[in-house]
Structure formats: C-alpha cells, structure tokens
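Undergrad: Got a structure for you, written out below as structure tokens; questions coming shortly.
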Amino acid sequence: MSDKALHKSGSKGISRRGFIAGTSSILGAAALAGQITPAQARAAASTEAAAGPIDNGAHVPALVIGTGYGGSVAALRLAQAGVDVHMIEMGMAWDTPGSDGKIFCNTTTPDQRSYWLRTKTKQPLSNFLGFPIDKDIPRYTGILDAEDMGGIIVYQGRGVGGGSLVNGGMAVTPRRANFAAILPSVDAEEMYGTYYPRANAGLGVGLIDPAWFDTVDCYQFARVGRKHAQRSGFPFVFVPDVYDWDYMKQEAAGTVPKSAVAGEILYGNNHGKKSLQKTYLAQARATGRVTISPLHKVTSVSPAPGGGYTVVIEQIDTTGATTATKTVVAAKVFFAAGSVGTSKLLVRLKATGALPALNGEIGKGWGDNGNVMCGRANHMWDPTGKVQASIPCGGIDNWDAGGAFAEVAPLPTGIETYASFYLSITKNPHRAEFTYNAASGSVELNWQTAWKQPSIDMAKTIFDKINSKEGTIYRTDLFGLNKIWGDHLTYHPLGGAVLNKATDNYGRLHGYTGLYVIDGALIPGNTSVNPFVTITALAERNIEKIIATDL
Ligand code: FAE
C-alpha cells in the first residue's frame with residue numbers, strides 16, 4: 001500500500017461543537033457540518049420521536065436489518081429517493097448518558113455498558129504481566145459483543161451505528177492493485193472514480209497533521225513504531241481516520257473534554273469520533289423518512305402471502321429478555337446485520353424452510369481479514385508514553401513482500417508499559433463456512449484456531465526482523481501466560497453471503513426478489529486493509545443500482 005493510496009480520501013470534517021450527547025444534538029452535529037440544516041434536524045428528531053418503535057402488524061416499504069455501515073448507506077440513499085425506511089437494531093440507541101453523565105464508559109474502567117450480555121468482560125488483551133485483567137460486570141445490552149464462534153471470538157459493535165460505535169475509525173481505501181482480489185466482479189474504475197470518494201466524503205475521513213504528530217505526547221507510541229519500522233527497512237504510512245483531528249488537538253492541549261486522549265475507544269467514544277450516528281445516520285434521519293427501532297432483533301424473514309416479506313422481530317429489554325414479538329410486512333428487506341449477523345440469519349432461514357430457495361453459497365466464504373495481534377517489549381530508552389491516543393494513525397506496510405499490513409496500535413493503560421502493540425491484517429487464505437445445527441438449533445462456524453498460523457507467519461515477516469534489528473523480544477504476557485500471539489479473535493469479520501455468489505453482482509439474493517444483502521457479508525473474507533470504507537463504498541455502489549432498477 002503506497003502512502004498515496006492511504007491518503008486518498010475525500011475529507012469532510014464535522015465541527016467539534018457538534019459532539020454532544022443525545023439524538024437531537026447528534027443531528028445538530030451534522031447540521032453544523034453543513035450536511036443538514038438545524039430545522040431539518042429538529043423536524044427529523046420530532047418525527048422519529050412521534051413514530052416510536054415499529055408496531056406489530058406494520059407494513060413498511062423498506063426494512064433494513066442493522067444500523068452499521070451497509071444499513072446506514074441503504075437507509076440514507078433509499079430515503080433520499082423518497083422511500084420510507086424502517087431500521088431494526090438489536091442494540092441500544094446510545095443517546096442517553098449514564099449516571100456518570102457519559103454515554104459510553106472508558107476502556108480502563110469497563111462497567112455494564114461495555115459488553116453485550118456478559119457477566120464478565122472479555123477484553124481482547126486478556127492479561128497484563130501474565131495476570132488476567134477481565135472483571136465482573138452486570139449483564140446488560142452493552143456496546144461490544146465478543147461473540148464466541150467456537151474457533152474464534154468475533155468482536156462486533158451493538159447499537160445504533162453498529163461497528164462504528166466501537167472501532168478505531170481507521171478509514172482505509174485499499175490499494176487499487178489489490179482490489180481485483182477483493183471483489184473480482186466489481187468494476188474497479190467505478191469504485192475508485194465514484195464510490196470510494198463518495199464513501200470517504202460521507203464518512204468524514206481525514207488525516208492526522210504530520211507536523212502535530214511529530215511533537216505531541218499522545219502519539220509517542222506511534223513515533224516509536226515508525227522509528228522501529230523504518231530502521232528495519234519497512235515503510236511506515238499514515239492512515240486516515242474518521243476522528244475529528246482538530247478536536248484531538250484540543251484534547252491534547254487540555255481545552256476540551258478528553259475522549260481519544262483519555263483512552264476511549266472499545267466501549268464507545270464520547271466526543272471526537274465521527275461514528276455513523278453523526279454522519280450517515282444523522283443525514284438519514286434528517287430526511288424525515290427513516291425511523292429506527294433499537295433493542296429490536298429480527299428473527300425471521302419469509303415470503304408474505306400477499307407479496308413482500310413477513311418479518312418477525314423480538315423486542316428485548318436491557319437484560320436481553322424478550323418483551324414483545326412483532327410481525328410486520330416489508331416490501332423489500334435489506335440484510336445489514338454484519339457479516340456474522342446476516343450469515344447466521346440467512347443460513348438459519350434457508351435450513352429451516354423460511355427461505356428455502358436461497359442458493360448453496362449462503363454461509364460460505366467467511367474470513368477474519370487475517371487479523372492477528374502481538375506486542376513487543378521495548379528497551380527502557382524507548383518508552384511508548386503513559387498517555388496514548390486511542391485512535392491509531394499509522395501502519396507498517398509489508399503486504400507485497402510478506403502478506404502483512406500492521407497497524408501500530410495504542411495500548412492506552414495510563415501507565416508506561418514500554419510495549420509496542422500491533423494489529424496485523426494478513427493475507428490469510430483460509431475461509432470458513434456457517435452451517436445450521438438442527439440438534440442445537442444454532443448456526444455454527446467451522447473456523448479453526450490453527451488456521452491463524454499463516455497470519456502469524458506473515459506478521460513475523462515484520463516483527464522478527466524488527467526484534468532482531470532492535471535487540472528486542474515479543475511480549476508474552478498480553479494474551480495469557482507465555483503466549484505471544486493474539487490468534488483467538490477478529491475485529492474484521494467478512495463474508496458469508498458473498499457478492500456475485502450468494503447474491504447477484506449488486507447484492508440481490510438469488511431466489512427472492514426484494515431481498516438484498518448490503519453489508520460486510522458480501523466481501524469474501526479479506527480486504528487487505530481495515531474494511532469499513534470498502535463496505536461503505538460497495539453499499540453506495542449497490543444501492544445506487546438497486547434504486548435505479550428495482551424501485
Ligand atoms: P456492523 O457495523 O457490524 O452492523 C451490523 C448491525 O446489525 C449491528 O449494529 C448489530 O447489532 C445489528 N444486528 C445484528 N443482528 C441483528 C438482528 N438479527 N436484528 C437486528 N439487528 C441486528 O456491520 N474497521 C475499519 O475499517 N477500521 C477500524 O479501525 C476498525 N476497528 C475496529 C475495532 C473493533 C474493536 C471492532 C469490533 C471492529 C473494527 N472494525 C474496523 C471493523 C468494522 O467496524 C466492521 O467491519 C464494520 O462495522 C462492519 O460493518 P457492517 O455494516 O457489515
């Protein structure tokens with residue numbers, strides 16, 4: 001990946017004044033950015049409040065399952081085309097402060113808001129100095145799901161905004177040369193000429209000021225990462241992000257409430273991150289045509305007797321208990337529940353006879369984007385800083401030679417750890433399949449932990465060399481006792497309903513007119529970089545075609 005490719009983004013910033021809690025202020029944020037007017041924002045907020053959650057027996061023109069990247073793009077573009085849209089989201093709205101006055105809790109002090117229906121945290125870095133660091137929490141519909149799929153823990157965001165609520169915001173357009181391997185049936189010319197720029201603009205992607213980066217305490221960890229990469233002959237590249245970099249400068253200067261600089265990331269970010277709530281979803285709501293039902297989970301979709309689809313939805317409370325079951329009819333249904341959510345639904349619906357005509361590609365082609373984590377122990381003269389901004393801003397590129405792109409990640413513990421920490425994206429060739437287990441009534445994924453070995457080997461092409469050059473060693477205390485590699489997890493689930501296989505070349509599910517997939521499930525297992533810009537750009541491409549031809 002060249003520096004140029006990584007920098008390629010149409011940036012459209014949002015004023016820091018907009019980063020206030022609450023639905024109406026979220027709408028206000030977009031208004032300040034010039035995306036919608038304050039009057040539109042107020043009208044949309046009151047329309048939505050009046051509309052409330054979806055009613056049992058409702059008939060809707062378009063129903064979107066999930067409010068992540070794919071779902072938000074679909075909702076906005078459909079609404080702009082004059083279609084009323086209802087979005088169903090199993091997670092919470094995340095628009096109301098808790099007793100501490102904050103919507104989201106901090107990474108260092110996880111409480112009930114942190115995890116989806118768990119009684120103990122499941123932190124990606126489970127140990128420190130070999131000691132387990134997970135703690136008991138009340139069971140609650142928290143923001144981060146650590147979903148155990150057998151051979152792999154899949155981390156996902158839960159709530160209005162999906163993964164955008166919990167992710168690092170790294171907004172990377174893959175190198176064009178790698179694109180054919182990602183989505184071979186898609187016209188790259190169109191993607192790079194139209195849809196990637198549209199996605200970058202819609203997401204509000206921007207780049208850190210390199211001069212500021214060079215001086216500020218909170219990126220010392222990344223400067224150490226750059227120095228070590230370059231001394232071993234690897235290019236260090238700045239990576240765009242959806243964080244408001246002007247706000248971050250003010251956080252670092254102590255003039256505004258701290259968010260990234262205070263380590264907020266995995267369990268939500270209270271200020272500077274431009275999550276979908278502040279971009280696509282704010283615009284969608286401002287059309288007055290989009291309503292969202294949080295704490296509602298779709299459990300079934302099947303053809304309705306009079307045309308369209310019958311959708312069964314469970315309303316849940318914050319303990320996860322079902323409080324109502326609703327049945328609605330939708331003319332068109334967009335599956336945007338994320339790679340795992342969409343795949344699990346479709347595999348179950350095919351196997352149980354609700355959608356028997358789905359084809360044999362359903363559930364196939366799932367990959368982990370080659371994610372693997374590791375830490376390195378630096379010398380005492382190479383401290384990484386006790387204050388670390390939680391937003392990564394650079395990476396080490398060894399994709400061509402070694403099959404790995406390593407994000408130089410923060411370890412925002414609040415103390416000096418002398419550790420360098422990395423999340424590598426690698427060219428792992430393994431693909432898994434979701435299947436329905438009739439005996440247990442659950443959908444399973446056949447991923448094996450041992451399938452991470454190619455990822456480890458590829459990451460080692462970078463870190464063995466750096467360790468040898470620097471005279472340093474791997475940390476063995478972050479993922480257990482004497483365990484170097486974080487090979488048990490992914491942040492980047494992709495595939496399960498692959499474009500041009502389970503669907504046509506625009507996400508229309510084979511076998512059923514009016515059913516679409518529009519999220520990360522379309523992408524066959526790897527994007528060579530962090531995935532959400534590609535998910536967004538592909539959704540922009542597909543919805544444009546669907547609106548032009550199917551509505
Ligand atoms: P997603 O955003 O997951 O949205 C799906 C939504 O559907 C969720 O809100 C679900 O709660 C909801 N849902 C699921 N099932 C149902 C159901 N049955 N009924 C109703 N609602 C349902 O899908 N990517 C990057 O590009 N850069 C990063 O820096 C980055 N960092 C990450 C860090 C972490 C910790 C994590 C977990 C992910 C990160 N990602 C990153 C990945 C990125 O967030 C992910 O690829 C996208 O969010 C996937 O977008 P989708 O639209 O596919």
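Undergrad: Inside segment 238-274, can you point out the residues that are surrounded by fewer than 22 Cβ atoms within 10 Å (Cβ to Cβ) and among the β-branched types (Val, Ile, Thr)?
TA: Thr255, Val256, listed by residue number.
Undergrad: Only one of Leu489, Leu515 is within 11 Å of the ligand (Cβ to nearest atom) and either surrounded by 18 or more Cβ atoms within 10 Å (Cβ to Cβ) or under 23 Å from Arg226 (Cβ atoms) (or both). Can you tell me which?
TA: Every option except Leu489 fails the conditions.
Undergrad: Considering only residues that are open to solvent by 20 Å² or more (accessible area, probe 1.4 Å) and either part of a strand (DSSP E or B) or polar (S, T, N, Q) (or both), which ones fall in segment 300-310?
TA: The answer is Ser300, Ser302, Pro303, Thr310.
Undergrad: Return the residues of segment 426-448 that are over 18 Å from Thr527 (Cβ atoms) and open to solvent by less than 60 Å² (accessible area, probe 1.4 Å); say none if nothing qualifies. Give the derivation first.
TA: Restricting attention to segment 426-448, the residues satisfying the condition of being over 18 Å from Thr527 (Cβ atoms) are 433-446, 448.
Across segment 426-448, the qualifying residues are Phe434, Asn437, Gly441, Ser442, Val443, Leu445.
Undergrad: Could you tell me which of the residues Ala188, Ala201, Ala181, Ala211 is more than 10 Å from the ligand (Cβ to nearest atom), closer than 20 Å to Gly367 by Cβ and open to solvent by 10 Å² or more (accessible area, probe 1.4 Å)?
TA: Exactly one residue qualifies, and that residue is Ala181.
Undergrad: Shifting gears a bit: Would you list the helices (runs of 4 or more DSSP H) that sit entirely within segment 135-231 and hold 1 or more residues that are of a type in the set (Gly, Ala, Ser) and under 15 Å from the mean Cα position of the chain (by Cα)?
TA: Those helices (runs of 4 or more DSSP H) span 196-203.
Undergrad: Follow-up. Which members of segment 323-337 meet the condition of being surrounded by 16 or more Cβ atoms within 10 Å (Cβ to Cβ) and away from the ligand (no atom under 11 Å from the Cβ)?
TA: Initial filter on segment 323-337 (surrounded by 16 or more Cβ atoms within 10 Å (Cβ to Cβ)): 326, 328-337.
Those that are surrounded by 16 or more Cβ atoms within 10 Å (Cβ to Cβ) and away from the ligand (no atom under 11 Å from the Cβ): Lys326, Val328, Val329, Ala330, Ala331, Lys332, Val333.
For (1) under 22 Å from Glu433 (Cβ atoms); (2) at pLDDT 95 or above; (3) assigned to a loop (DSSP other than H, G, I, E, B), each residue gets a yes or a no:
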{"site": "Thr513", "(1), (2), (3)": "no, yes, yes"}
{"site": "Tyr516", "(1), (2), (3)": "yes, yes, no"}
{"site": "Asn526", "(1), (2), (3)": "yes, yes, yes"}
{"site": "Asn530", "(1), (2), (3)": "no, yes, yes"}
{"site": "Ala537", "(1), (2), (3)": "no, yes, no"}
{"site": "Asn542", "(1), (2), (3)": "no, yes, no"}
{"site": "Ile546", "(1), (2), (3)": "no, yes, no"}
{"site": "Thr549", "(1), (2), (3)": "no, yes, no"}
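Undergrad: Moving on to the next point. Would you be able to tell me the number of residues in segment 59-80 that are more than 10 Å from the ligand (Cβ to nearest atom) and either surrounded by fewer than 17 Cβ atoms within 10 Å (Cβ to Cβ) or not aliphatic (A, V, I, L, M) (or both)?
TA: 4
Undergrad: For the subset of segment 276-299 comprising residues that are open to solvent by less than 20 Å² (accessible area, probe 1.4 Å) and touching a strand residue (DSSP E or B) at 6+ places or on another chain (Cβ under 9 Å), which member is nearest to the ligand (Cβ to nearest atom)? Give the steps one after another, and end with the answer.
TA: Taking segment 276-299 as the starting set, the residues that turn out to be open to solvent by less than 20 Å² (accessible area, probe 1.4 Å) are 276-282, 284, 286, 290, 292-293, 296, 298.
Going one step further and asking which of them are touching a strand residue (DSSP E or B) at 6+ places or on another chain (Cβ under 9 Å), we end up with 281, 284, 290, 292-293, 296, 298.
Details: Leu281: 11, Ala284: 14, Val290: 15, Ile292: 10, Ser293: 9, His296: 6, Val298: 4 Å.
Taking the candidates together, the pick is Val298.
Undergrad: For segment 311-322, how many residues meet the condition of being in contact (Cβ under 8 Å) with a residue 12 or more places away in the chain and open to solvent by 30 Å² or more (accessible area, probe 1.4 Å)?
TA: 6
Undergrad: Same structure again: Anything in segment 140-161 that is more than 15 Å from Thr342 (Cβ to Cβ) and either within 8 Å of the ligand (Cβ to nearest atom) or open to solvent by 10 Å² or more (accessible area, probe 1.4 Å) (or both)? List them, or say none.
TA: Result: Tyr140, Leu144, Asp148, Gly150, Gly151, Ile153, Tyr155, Gly159, Val160, Gly161.
Undergrad: Also, quick follow-up: Output the residue which, of all residues in segment 449-481 that are open to solvent by 40 Å² or more (accessible area, probe 1.4 Å) and polar (S, T, N, Q), is farthest from Val372 (Cα to Cα).
TA: Selected residue: Ser468.
The values are calculated or read from the model by the stated rules, or taken from the named source; none is laboratory data. As the structure is a prediction and not an experimental result, all values here were calculated from the model. A quick note on method: Cβ atoms are made from the backbone with ideal geometry, for glycine too, and the neighbour counts reach across all protein chains shown. For accessibility, only protein heavy atoms count, side chains too; no ligands or nucleic acids. Shrake-Rupley method; radii C 1.70, N 1.55, O 1.52, S 1.80 Å.
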